[in-house]
Amino acid sequence: MNKPIQVTNSSMPNFEDFTDEIKDLWESGWLTNSGKKHQKLELELCKYLDISNISLFANGHLALEYVLTAFNLSGEVITTPFTFASTTHAIVRNGLTPVFCDINPVDFTIDTDQIEKLITDKTTAIVPVHVYGNVCNIKEIERIANIYNLKVIYDAAHAFGVKINDQSIANFGDASMFSFHATKVFNSIEGGAVAFKEPNLSPILKSYKNFGITGPESIDYIGGNGKMNEFQAAMGLCNLRNIDEEINKRKIVFERYIENLEGTKGIKLLQPQKAIKRNYSYFPIVLDGYWNSRNKLHEHLKINNVFARKYFYPLTNRLSCYEGRFNKGKTPIAEHIAEKVLTLPLYADLALEDVDQICKIIKS
């Protein structure tokens, strides 16, 4: 490839649209602390996601960390190691113990057949992860949570805009965290949000992300600074206007990969889930029986100016920062996939001829 092809490229609005959106910030001088842009983005996201309650944050990690704090959890939390480090970090930074459940080999989400075996009298919550936009077995997770009185907080960083039977993914569980990082389907430069059911969580989350402040002279929580600023919110407003068009562009790129790679020996492609409206957030391939190793293909693509990503690798239960701290658990499927998976470049403006060339390199 003559030009470098990154694994992702941020979607951005028309430059004039963004400058028009931020122009009044110079008049108001209000740049953070839940300004008008922030408030408007919350309202627009509630409409788009068809939800009643949402809280914006500076990034997705803080959104997940603070919602876990807001639920006042203790003890053990069942989760998956096949995720970005942020998921496990948010659990651990709340003083909770992650208990790692394996993933299923079909869509790489948490294996719901294994969850009940991991529940103890210390278990207080489940933190499942929607992976690559693939949706967890929500019905089974809900069934288990109801039996054992567990909170369910979804890491939905990959699942913005995804629907199940025309119902927004944001409506499931006790809460769902979304990441609005620059690399995501929808971005606000940096940013994130928590969608939640119980309206009484709203003032608690607002307080936690603002140093625990609850009034002019009162600080009732040990909080931090997790507030989204007005420039982030402005970018979010602009990108939200174009989100459906961006997802459609990603779909075209995604389907071009399918056309090129389907049936290629040794390459497994994830199959579409039933009744799911996808967001085409990632294009992973699993190299199982492929003539070359995943690592060698990764390097071969890099030599050709194509920057794929080993995502997720390593598993979070194998991270050096947790060495000796937690039971790594038996997660053989997650370990196998982590050693074999490679996510290929995918973004709305990726040229189809570039997709063809990437696939030619893979099949050569």
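Figures for the structure shown
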read-out: Other-chain or far-sequence residues with amide H under 5 Å of residue 283's (modelled H); value: 344
read-out: Gyration tensor over alpha-carbon atoms, the chain, equivalent ellipsoid semi-axes in Å; value: 33, 28, 17
read-out: Point-charge dipole on Cβ atoms (K/R +1, D/E -1) for the chain, about Cα centre, debye to 20; value: 840 debye
read-out: Burial order of peptide ranges 336-345, 154-163, 122-131, 221-230 (average beta-carbon count within 10 Å, highest first); value: 154-163, 122-131, 336-345, 221-230
read-out: For segment 182-198, 3J(HN,Hα) per residue [Karplus equation, 6.51 cos²θ - 1.76 cosθ + 1.60, θ = phi - 60°, Hz, x = Gly/Pro]; value: 4, 8, 8, 3, 10, 10, 10, 6, 10, x, x, 7, 10, 9, 8, 8, 7
read-out: Cα centroid separation, segment 313-364 to segment 13-63 (Å); value: 32 Å
read-out: Å² of accessible area per residue within segment 1-58, as computed with a 1.4 Å probe and no ligands counted; value: 63 Å²
read-out: DSSP bridge orientation in the chain - percent antiparallel, rounded to nearest 5; value: 65 percent
read-out: Heavy-atom accessible surface of segment 234-364: percent carbon and sulfur, 1.4 Å; value: 49 percent
read-out: Cα convex hull of segment 218-364, projected area averaged across orientations, nm²; value: 14.1 nm²
read-out: Descending semi-axes in whole angstrom, ellipsoid equivalent of segment 112-261, from the Cα gyration tensor; value: 29, 26, 11
read-out: Positive-end residue, the chain charge dipole about Cα centroid, Cβ charges, pick of 248, 201, 260; value: 260
read-out: For the chain, built as a Gaussian network whose Cα springs stay under 10 Å, the top-fluctuating residue of 44, 142, 259; value: 259
read-out: Alpha-carbon Rg/Rh ratio, for segment 288-364, with Rh computed the Kirkwood way; value: 1.08
read-out: Loop-located trypsin sites (Lys or Arg not before Pro) in segment 12-98 whose Cβ has at most 11 other Cβ within 10 Å (DSSP); value: 23
read-out: Convex hull per residue volume in Å³, alpha carbons only, for segment 109-198; value: 102 Å³
read-out: Mean accessible surface per residue for segment 253-327, computed with a 1.4 Å probe while every protein chain stays in place, in Å²; value: 55 Å²
read-out: Rounded to the nearest 20 debye, dipole of segment 1-118 from Cβ charges on Lys, Arg, Asp, Glu; value: 300 debye
read-out: Inter-label distance for residue 328 and residue 360, nm, one decimal - labels placed 7 Å from Cα along Cα-to-Cβ; value: 4.2 nm
read-out: Whole-angstrom Cα spans of segment 1-113 along principal axes, big to small; value: 53, 49, 27
read-out: Space enclosed by the convex hull of the alpha-carbon atoms of segment 199-289, per residue, Å³; value: 189 Å³
read-out: Antiparallel bridges, percent of DSSP beta bridges restricted to segment 15-165 (to nearest 5); value: 15 percent
read-out: Amide H within-cut-off set for residue 211, under 5 Å, with H built and near neighbours excluded; value: 224, 225, 226
read-out: Dipole magnitude of segment 257-308 about its Cα centre (Cβ charges: Lys, Arg +1; Asp, Glu -1), debye to nearest 20; value: 180 debye
read-out: Residue-wise HN-Hα coupling along segment 99-111, computed from phi with Karplus coefficients 6.51, -1.76, 1.60 (Hz; x: Gly, Pro); value: 10, 8, 9, 6, 9, 8, x, 8, 10, 6, 8, 4, 7
read-out: Phi to ³J(HN,Hα) by Karplus 6.51 cos²θ - 1.76 cosθ + 1.60 over segment 118-123, Hz, x for Gly, Pro; value: 9, 6, 10, 6, 9, 6
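The values are calculated or read from the model by the stated rules, or taken from the named source; none is laboratory data. None of the values given here were measured: they were computed from a predicted structure. Heads up, the Cβs are rebuilt from the backbone with ideal geometry, glycines too, and the neighbour counts pull from every protein chain shown. Note: areas computed on protein heavy atoms with side chains; ligands, DNA, RNA excluded. Shrake-Rupley method; radii C 1.70, N 1.55, O 1.52, S 1.80 Å.
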